[in-house]
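A.B. asks: There's a structure below that I have some questions on.
Values in this text are rule-based calculations from the coordinates and carry no lab data. Just so we're clear, the structure is a prediction, and the values are computed from it rather than from any experiment. Cβ coordinates were reconstructed from backbone atoms using ideal geometry, including for glycine residues, and neighbour counts include every protein chain displayed.
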Amino acid sequence: MATRELDGLTAFVTGSGRGLGRVMAERLAELGANVAIHDMDETAPAKYGEFANLAEVVERLKRHGTKVTSVTGNIGDQKAVAEMKRKIEADLGDVHVLVNCAGGDIGAKGGKPNPNNALDIELDDIRVLTENNLIGTMLVCQAFVPPMKQRGGGSVINIASAAAHLGVSPEVVYSTLKAAVVHYTRCLAKELIDDGVRVNAVSPGATKTARFQATRVVDPNRMDSSKKSLNRYAEPEEIAEAVAFLAGPRARFINGQVIRVDGGFTIFPG
Ligand SMILES: NC(=O)c1ccc[n+]([C@@H]2O[C@H](COP(=O)([O-])OP(=O)(O)OC[C@H]3O[C@@H](n4cnc5c(N)ncnc54)[C@H](O)[C@@H]3O)[C@@H](O)[C@H]2O)c1
């Protein structure tokens, strides 16, 4: 079923040392793209037991026969992002597909913020969440989109969340920032409408990544993907498929949109 529709393209997937980003990077490589993977540091893939380090993920992706490199650093740090860009371009050349996947509801002390509601969440947590989910996405776009604009083509896919589309509590700040990512997607798409660069978002529903399972109470009734009911958690591959579609030529006229990949969890307009 895998065609090589991304042959000749280079993709950069932030936060791809583990979890959803890793599966997205893998799918893009499978479709023929050269891929730059990224994480905060070399050992981030080990945090929830997925891989020993980024080097191990690089070797795994190379099975698909394309070029793979890795970079590390905080996406909320402009200098670190500039260094990522320098290394990726030196190793793989121009980036055509940018997937902003790094982020999540991880606060200043490492786990989920506690408290995590609107009125009690601590300022340090608000700052870290904003850097990881919104500022980081913006800085990576500011670094990687201008060359796409100059060349007259490219695809940017920002990873939001089902929680961006409805009122929730707890996870208030995280959800608010993901809603901002969705709107930033629309605004950037508008800004680039004459430049041939498409900007879209994917909003995953709750997805069975290692981090997801380690940081929340999981409902065993929603774990089994072989049942016919869509009232379940997503498989990471189901989210990656939407990203792969938006990255390539089949989505060439789709711009400024958000695809909610959540089995119908958010069935409403808007
Ligand atoms: N798993 C889910 O249920 C789910 C649902 C909706 C949205 N999402 C989103 O999907 C993305 C991936 O989630 P996941 O479940 O794979 O979690 P994860 O924690 O395994 O992956 C997130 C990655 O981003 C990296 N990261 C975070 N902040 C960073 C920063 N400032 N600089 C560099 N790297 C940074 C982390 O180190 C990690 O590798 C996140 O943006 C998350 O908000 C996940």
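A.B. asks: Looking only at region 1-27, which residues are surrounded by fewer than 24 Cβ atoms within 10 Å (Cβ to Cβ), polar (S, T, N, Q) and in contact with a helix residue (DSSP H, G or I) (Cβ under 6 Å, 6 or more places away or on another chain)?
C.D. replies: The one that is surrounded by fewer than 24 Cβ atoms within 10 Å (Cβ to Cβ), polar (S, T, N, Q) and in contact with a helix residue (DSSP H, G or I) (Cβ under 6 Å, 6 or more places away or on another chain): THR10.
A.B. asks: Inspect region 216-231 for any residue being under 18 Å from ALA162 (Cβ atoms), among the aliphatic types (A, V, I, L, M) and in contact with a strand residue (DSSP E or B) (Cβ under 9 Å, 6 or more places away or on another chain) and give the result as yes or no.
C.D. replies: No, every residue in region 216-231 fails to be under 18 Å from ALA162 (Cβ atoms), among the aliphatic types (A, V, I, L, M) and in contact with a strand residue (DSSP E or B) (Cβ under 9 Å, 6 or more places away or on another chain).
A.B. asks: A further question on this structure: Report yes if some residue within region 191-202 is within 16 Å of the ligand (Cβ to nearest atom), touching a residue at least 60 places away in the same chain (Cβ under 8 Å) and not aromatic (Phe, Trp, Tyr); otherwise report no.
C.D. replies: No - not one qualifying residue is present in region 191-202.
A.B. asks: Can you tell which of THR10, THR69, THR43 is over 15 Å from THR137 (Cα atoms) and under 17 Å from the mean Cα position of the chain (by Cα)?
C.D. replies: From the options THR10, THR69, THR43, the qualifying one is THR10.
A.B. asks: For region 161-180, how many residues are within 14 Å of the ligand (Cβ to nearest atom) and either of a type in the set (Gly, Ala, Ser) or farther than 24 Å from PRO115 by Cβ (or both)?
C.D. replies: Number of matching residues: 7.
Conditions tested, residue by residue: (1) under 24 Å from PRO45 (Cα atoms); (2) among the basic types (Lys, Arg); (3) more than 12 Å from the ligand (Cβ to nearest atom); (4) out of contact with any Pro (no Cβ under 8 Å at 6 or more places or on another chain).
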site: VAL182; (1), (2), (3), (4): no, no, no, yes
site: TYR233; (1), (2), (3), (4): yes, no, no, yes
site: PRO249; (1), (2), (3), (4): no, no, yes, yes
site: PHE253; (1), (2), (3), (4): no, no, yes, yes
site: GLN257; (1), (2), (3), (4): no, no, yes, yes
